[in-house]
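The values are calculated or read from the model by the stated rules, or taken from the named source; none is laboratory data. Note that the structure is predicted; figures quoted are calculated from it, not measured. In this analysis, Cβ positions are derived from the backbone assuming ideal geometry, glycine residues included, and neighbour counts consider all displayed protein chains.
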Amino acid sequence: MKLALLAPPHTPPTCPPLGPALLSAYLQQKLPDTEISVFDLNLDYYLNAFDAIRERRLGLRIYKWDEKTTARQLDRAVSFFKNWNPADSDLKEYHHWATIFLSFENIFNAFMAEMAEKILSSQTVPQRMVIFFENLIQPVLIAKPDLIGFSILYQHQIVFAALLAKLIKKQSNAKIVVGGAAISVMGTPEKLLHSPISSKKTNSPDIFLKDFFDYLLPGEGESGLHSLCQTYSSADLADVPNLIFFNSNTLQINPPAIHVLETLPHPDFSHFKLDDYLTPEPVLPLMTSRGCPWGKCTFCTHHHSYLNYRTRKIRDCVEEVKLIQKQYDCNVFYFYDEMIPATRFKQLAEQIIEQGITIHYGAYAKPLKSFTPDLCHLIQRSGCRVLQWGVETASQRVLNLMKKGTKIHEVKNVLSNSAQAGIYNLVFVLFGFPTETTEELQQTLTFLECNRDNIHVLSSGTFVLTEGSQVHREPENFSITKIWERNKSSILYPILDYTVSQGMTSQEVQEHFSNNRTFLNTVSLSSRFGAYREHLLLFATTKD
């Protein structure tokens, strides 16, 4: 058996994907005779694009620059990211080059997504576009896998995964299975196989992803992929945990499996070209738990990824950090747990200090009063330099409706405790939750202004109704009177619109958000740190 694990475009090319690193380690342990290849096609997509733009094989213009100037400035932005010394560079310089790169990403990725959708539906596009994507899959075809697994983190990656799967199917008999967080959080992922896809932008013919995807594997993928690698007949598919597939003409959804985290090996990053990511030194992703210890937020669907909350022993987590630090000569990490509770954070910090490990890291946390000044100082001494907090709103009524379990007066103190300890705070806020009023939105703006000294980076957006969330399942409890799919919405680009009987309309929310965008951008040290969080962490490590 030959297995290939793929990360499709596009996510910022600033660190390797964790999913394939975990899966490859697990499968190599369970199936040592299986030949496993791992391809970060997202990174290759960017590297190939840089070459193509530099060599004028792909014409691109941003701002009012011509193609030559655009190529030169893009090269300089990439070079800056690779050689950046946060200790010596001022934030204006970073913001300048990060803005140029973000502008490139916005224009290039939107264009390539449109090209991918057109090729997917057999529409005519410039041949160089087809060649670009065909070149992307050549390393995969050379490996001659029997089974290919796509790990998809974000919804917008599905169109790229579908196109790459289509191109692979033309030259290979490999079976293709698709999983990852984007599939796991969908309320009804099986729609990807049984429903036609209508084009959002191109008015193309319907696309059926079952023509390219043989299986879906939502949730935790280790045991499912393990079973699939050992499956040689359709009759055996019924025993593959989490699998969604067509059995003859009947769609079958298998029950899930839960993993005991202590049995899972350390992630394997040896397949990745760590020096090619757009950071001056590697930043590696890790997890100490799966699931969310709270799991009650009414707007959230992250709980779909895992059936329940489980933790690994702190000592094992710290041993993993030590091993990976030594193996990859890496000293900077992001813990991508949904959040690390205060009690567990204390244990983690104490164990890192006790073991004498010198690292820097970032993590997600919940702004509760348990993050005292003493705890924040302990966490900082253990190497934590960035904490990401889900503040969402300064209205206590809206927080209660969201079931956040936080008190806004405590949030203010927590941000101060963290900042005073020397930790950089990245704060998430969400405008326009159903029933929110103009006055309540203003409360959030006032909170941001009054606490800007303790908010180093702000990540702000407007509420989006997602399938499977409590708001979606129980709209009447949130004064939502009607829900419908936006015109030309599709599985590739799902958009739910709604009306409310109380609070601001969606249009009013967007107007307020747009009118305050300039202010929101000034709250952050650099608003680009919200897009490139590995850069924020590297910057924070130099400010001891």
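See the values below:
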read-out	value
Residue match in the range 474-494 (condition: assigned to a helix (DSSP H, G or I), under 20 Å from Val429 (Cα atoms) and not assigned by TED's automatic domain parsing to the domain that holds Pro189)	yes
The range 106-148 - residue that is among the charged types (D, E, K, R) and not in a helix (DSSP H, G or I) and, of those, surrounded by the fewest Cβ atoms within 10 Å (Cβ to Cβ)	Lys144
Meets criteria (in a helix (DSSP H, G or I), at pLDDT 95 or above and under 30 Å from Lys82 (Cα atoms)) for Asp275	yes
Test: residue in the range 505-517 that is β-branched (Val, Ile, Thr), within 22 Å of Lys403 (Cβ to Cβ), outside any helix (DSSP H, G or I) and free of Cβ contacts under 8 Å to residues at least 24 places away in the same chain	no
Residue check, Lys543 in contact with a Phe, Trp or Tyr (Cβ under 9 Å, 6 or more places away or on another chain), within 27 Å of Asp453 (Cα to Cα) and either at pLDDT below 95 or surrounded by fewer than 19 Cβ atoms within 10 Å (Cβ to Cβ) (or both)	yes
Within the range 55-92, tally of residues that are closer than 22 Å to Ala116 by Cα and surrounded by 15 or more Cβ atoms within 10 Å (Cβ to Cβ)	3
Hits in the range 11-30 - residues which are over 22 Å from Arg290 (Cβ atoms) and surrounded by fewer than 22 Cβ atoms within 10 Å (Cβ to Cβ)	Pro12, Thr14
Whichever residue in the range 294-316 is more than 22 Å from the chain's Cα centre (by Cα) and not in a loop (DSSP other than H, G, I, E, B) and, among such residues, is surrounded by the most Cβ atoms within 10 Å (Cβ to Cβ)	Ile314
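Rundown of residues vs (1) without any contact (Cβ under 8 Å) to a residue 40 or more places away in the chain; (2) more than 24 Å from the chain's Cα centre (by Cα), yes/no style:
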site: Ile324; (1), (2): no, no
site: Asn331; (1), (2): no, no
site: Pro341; (1), (2): no, no
site: Glu354; (1), (2): yes, yes
site: Tyr364; (1), (2): yes, no
